[in-house]
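Enquirer: Mind having a look at this structure? Questions to follow.
Derivation of every value follows stated rules applied to the coordinates shown; laboratory data play no part. Small disclaimer: the values here were computed from a predicted structure and weren't measured. Using ideal geometry, Cβ is built from the backbone for each residue, glycine included, and neighbour counts are taken over all protein chains shown.
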Amino acid sequence: MADVLVVENVVKTFGALRAVDGVSLSVREGEVFGVAGPNGSGKSTLFNIITGIPFHADSGRILFDGTPIERMPPHAICRAGIARTFQTETDFETLSLFDNVKLGTVYGHARGMSEEEQRRVTRETLEFVGLGGDHDRPAGDISVFDKKRLMIASALATKPRLLLLDEPASGLTRPEIRETSALIRRLSETGVTIVLIEHVLPLLLTVSNRLMVLNFGQVLTEGHPKEVVKNEQVIEAYLGKRGDHGRDAA
Amino acid sequence: MTVDVPAIIVSGVVLASLYAMMATGLALVWNTLGIFNFAHGIFMTLGAYIAWTISDEAGLGWGLAGGFAIAVATMIGGGLATYGLLVKPFQNRKDIVLVVVMTTLAGSFFLENTGRLIWGPRLKQLQRVVEGTVQPLGVSISAHELVIIISTPLILLALYAFLRWTRTGSAIRAIAQNQDSALLIGINVPRLYALSFALSAGLAGLAGALLGGIRFIVPNMGSEPLLKAFIVVIFGGLGSLGGTIVGAYVIGLIESTSTYFVGIYWTNAVMFAIFIFILIFRPTGLFGRN
């Protein structure tokens, strides 16, 4: 299958710290590509430089559908078809759930829709992520799990072809993690390509087609998730003692 | 002693209207960009000077409507230039709030002295929008002041409607709440920053052109309204545009009451005392969010 996203040798430094140090990867159309690694290994920085929010890479190339995007402004990257969620909840707190998601349909990829169509897409998107009920509640009043889903809905409303999810399961309970896992599968079935950063390993292992592990800003290994977690280097750098597939303590 | 309450109210509302227009622009930029624009006062001054140059017989003599329109339009351009030159280059710095205080202050001094060179030290006054006097609540004021009293809420209502019901307005509100998320859903944040700056400067220019009809136009005429606008924004509550507007009317009325009882020289001291006293009990201002 064609590569949707190709990252070539990207570098991002903060002073003396090389947060992302020559990372290359390619993500195939339709797959769920998992990214693991200890805290500070450069996972979120990698998402930051792909989306340009809040900064670009110092060097290296990023191709989306063959088009270089490493210098595009963030809103243009979004409109090209890449959406992301953040590790911590970022929504527009005083706006309703409905308005939060509707802004995505208005400003994202789906320009030129009629008002009625925007409203329909907004409703469908909210229901798709499992946020039924009252869509007029302010986003500041909902639970962490609902906020995570709202963030995914806002990202989806921009009609992305590539969705970058940054720790969608952090801070969630086990049943909520199971629901998130099911949601990611449903998302994947719609054809959207997903790159998933996650600390919750069971989630990564069940939904990812391929898994990459970062350490100190570099790619430690990449491959089939079941193979990757057996890799000695990975166990040493990240997983602690062998067989510990529970929630990461790092 | 009989207290002339209607006079206090009417003169307070005139002041409040100007403060509201100034402070709303200042608050719009604060809410959207998270910075205070110290060049906001100079937009007011330049608005007045430009309106004078265009409209007055000693200038181009193109009439008051032309003067107002060109003053506002030039200030919108001035706002865009100020954003592009004094704010945008520092946008990604962590200490942007501090840096922008300095760059906008510097810009403000530069423009104030440029104004002094262009227009000279002689006092100027704009023609009034409407001549004659009127007597609301039995208080005799110029018809021009009544125009200010009536037009301010209408202008602010138009701004509210723009922010509340238009596509661009809701995007500006979204940025004010969360810049990263706004970028994430494809909003062109730098462009809307520029727009907020332009709107804010246009409002200040309009306030200046209106003030030029009741006060003399001098190079530092924007300084005091800017100071008051800061007080209003903080008093009303950072982050709340409605609070800013209410704050403007409260401050205007405090000022007129204080002027009536203790005279103009003590008014600032009284106002700051009340301001500090209220902030002790409500540190976030009247309607501010934590």
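Enquirer: Which value in nm describes the separation of the simple spin-label points at A:Val144 and B:Lys88, placed 7 Å from the Cα toward the beta carbon?
Expert: So the two model labels end up 4.0 nm from each other.
Enquirer: Another question, if that's okay. Which of the lysines could a cross-linker bridge to A:Lys159, judged by Cα under 24 Å and excluding same-chain residues fewer than eight apart?
Expert: Filter leaves A:Lys43, A:Lys102, A:Lys147, A:Lys148.
Enquirer: Around B:Phe36, what is the net charge, scoring Lys/Arg as +1 and Asp/Glu as -1 over all other residues with Cβ under 15 Å from its Cβ?
Expert: Here the charged neighbours net out to 0.
Enquirer: Note the full-extension length gain between A:Met113 and A:Ala182 as 0.36 nm times their separation in residues minus their Cα-Cα distance, in nm to one decimal.
Expert: Roughly 21.9 nm would be gained on extension.
Enquirer: Also: On a straight-distance basis, which aspartates and glutamates could pair with B:Lys228 in a cross-link, Cα separation under 12 angstrom, same-chain partners fewer than 8 positions away excluded?
Expert: In chain and number order, the partners are B:Glu255.
Enquirer: Right, something else. Limiting things to C-alpha atoms, what are the Rg and the maximum Cα-Cα separation (Dmax) for segment B:80-126, in angstroms?
Expert: Final numbers for Rg and Dmax: 14.1, 43 Å.
Enquirer: For labels at A:Asn9 and B:Ala158 in the simple 7 Å Cα→Cβ model, what's the distance in nm?
Expert: Here the answer is 5.7 nm between the modelled labels.
Enquirer: Using a Förster radius of 41 Å, what is the FRET efficiency between A:Glu127 and B:Glu224 based on their Cβ-Cβ separation? Nearest 0.05, please.
Expert: Given R0 = 41 Å and the Cβ-Cβ separation, E is 0.15.
Enquirer: If you keep only loop residues by DSSP, which trypsin sites (Lys or Arg not before Pro) in segment A:1-105 have at most 12 other Cβ atoms within 10 Å of their Cβ?
Expert: Hits after loop and neighbour filter: A:Arg71.
Enquirer: What's the center-to-center distance, using Cα atoms, between segment B:77-97 and segment B:197-232 in Å?
Expert: What the calculation gives is 21 Å, centre to centre.
Enquirer: Give the long-range amide H neighbours of A:Gly22: residues separated by 5 or more places, or on another chain, with amide H under 5 Å away, using H modelled in the peptide plane at 1.01 Å from N.
Expert: Those lying under 5 Å, H to H, from A:Gly22 are A:Val10, A:Val11, A:Lys12.
Enquirer: For A:Val4, what charge total do you get from the other residues with a beta carbon under 11 Å from its beta carbon, if Lys and Arg give +1 and Asp and Glu give -1?
Expert: That works out to -2.
Enquirer: Also, quick follow-up: Taking 2.2 N^0.38 Å as the expected size of a compact globular protein, what ratio does the Cα radius of gyration of segment A:4-106 give against it, to two decimals?
Expert: 1.15
Enquirer: Evaluate the relative contact order of chain B (contact order divided by residue number), counting alpha-carbon pairs under 8 angstrom at least 6 apart; express in whole percent.
Expert: Contact order relative to length: 35 percent.
Enquirer: If exposed chymotrypsin sites (Phe, Trp or Tyr not before Pro) are those in a DSSP loop with at most 16 other Cβ within 10 Å, what is the longest stretch of chain A that has none?
Expert: Counting only loop sites that pass the neighbour cut-off, the longest clear stretch is A:56-215.
Enquirer: Taking θ as phi - 60°, what are the ³J(HN,Hα) couplings along segment B:112-120 by the Karplus curve (6.51, -1.76, 1.60), each to the nearest whole Hz, with x for Gly and Pro?
Expert: These are the phi-based 3J(HN,Hα) values: 4, 6, 4, x, 4, 5, 6, 9, x Hz.
Enquirer: Follow-up question, since we're still on this one. Is segment B:220-282 best put as rounded, prolate or oblate by its Cα gyration tensor, with a ≥ b ≥ c the root eigenvalues, rounded for a/c under 1.5, and otherwise prolate when a/b is larger than b/c, oblate when not?
Expert: oblate
Enquirer: Which distance in nm do the two modelled labels at A:Leu17 and B:Thr114 give, with both placed 7 Å along the Cα-to-Cβ direction?
Expert: 4.1 nm
Enquirer: Could you give each residue of segment A:37-50 its phi-based ³J(HN,Hα) in whole Hz, using Karplus coefficients 6.51, -1.76, 1.60 with θ = phi - 60°, and x for Gly or Pro?
Expert: Result, rounded to whole Hz: x, x, 4, x, 8, x, 5, 5, 4, 4, 4, 4, 7, 5.
Enquirer: Could you work out the helix-only [θ] at 222 nm for chain B, with each DSSP H run of four or more residues adding -39,500 (n - 2.57) and the total divided by the number of residues, to the nearest 500 deg cm²/dmol?
Expert: Estimated from H runs of four or more residues: -24000 deg cm²/dmol.
Enquirer: For the protein assembly as shown, report the translational diffusion coefficient in µm²/s to the nearest whole number, using Stokes-Einstein at 20 °C, 1.002 mPa s, and a Kirkwood Rh over Cα pairs.
Expert: So the translational diffusion coefficient is about 82 µm²/s.
Enquirer: Do you know the relative contact order of segment B:1-120, to the nearest whole percent, from alpha carbon pairs under 8 angstrom that are 6+ apart?
Expert: Across segment B:1-120, relative contact order equals 24 percent.
Enquirer: Still on this structure, I have one more. Distance between Cα centroids, segment A:160-174 to segment A:61-104: provide it in whole Å.
Expert: Segment A:160-174 and segment A:61-104 have Cα centres spaced 14 Å from each other.
Enquirer: Would you compute, from DSSP H runs of 4+ residues alone, the mean residue ellipticity of chain A at 222 nm, taking -39500 (n - 2.57) per run and dividing by the full residue count, rounded to the nearest 500?
Expert: -9500 deg cm²/dmol
Enquirer: Students often get this wrong: which residues of segment B:161-190 have the backbone nitrogen under 19 Å from the point 7 angstrom along Cα-to-C-beta of A:Thr94?
Expert: Output list for this probe position: B:161-183.
Enquirer: Residues with beta-carbon under 13 Å from that of B:Met22, excluding B:Met22: net charge, scoring Lys, Arg +1 and Asp, Glu -1?
Expert: 0
Enquirer: Write out the chymotrypsin sites (Phe, Trp or Tyr not before Pro) in segment B:47-79 meeting two conditions: DSSP loop, and at most 10 other Cβ atoms within 10 Å of their Cβ.
Expert: Listed in order of number, the matching sites amount to none.
Enquirer: Moving on to the next point. Return a whole-number percent for the relative contact order of segment A:138-212, with Cα pairs under 8 Å and 6 or more residues apart as the contact set.
Expert: Relative CO of segment A:138-212 lands at 33 percent.
Enquirer: Here is a further query. Is segment B:92-234 best put as rounded, prolate or oblate by its Cα gyration tensor, with a ≥ b ≥ c the root eigenvalues, rounded for a/c under 1.5, and otherwise prolate when a/b is larger than b/c, oblate when not?
Expert: oblate
Enquirer: Counting other Cβ atoms within 10 Å, which chymotrypsin sites (Phe, Trp or Tyr not before Pro) in segment B:108-210 have at most 11 and lie in a DSSP loop?
Expert: none
Enquirer: Within chain B, what is the longest stretch that has no GluC sites (Glu not before Pro) placed in a DSSP loop and near at most 15 other beta-carbon atoms within 10 Å?
Expert: Within chain B, the longest run free of exposed GluC sites (Glu not before Pro) spans B:132-290.
Enquirer: Could you name the lysines in cross-link range of B:Lys88, using Cα to Cα under 23 Å and dropping any fewer than eight places away on the same chain?
Expert: By straight Cα distance, B:Lys88 reaches A:Lys12.
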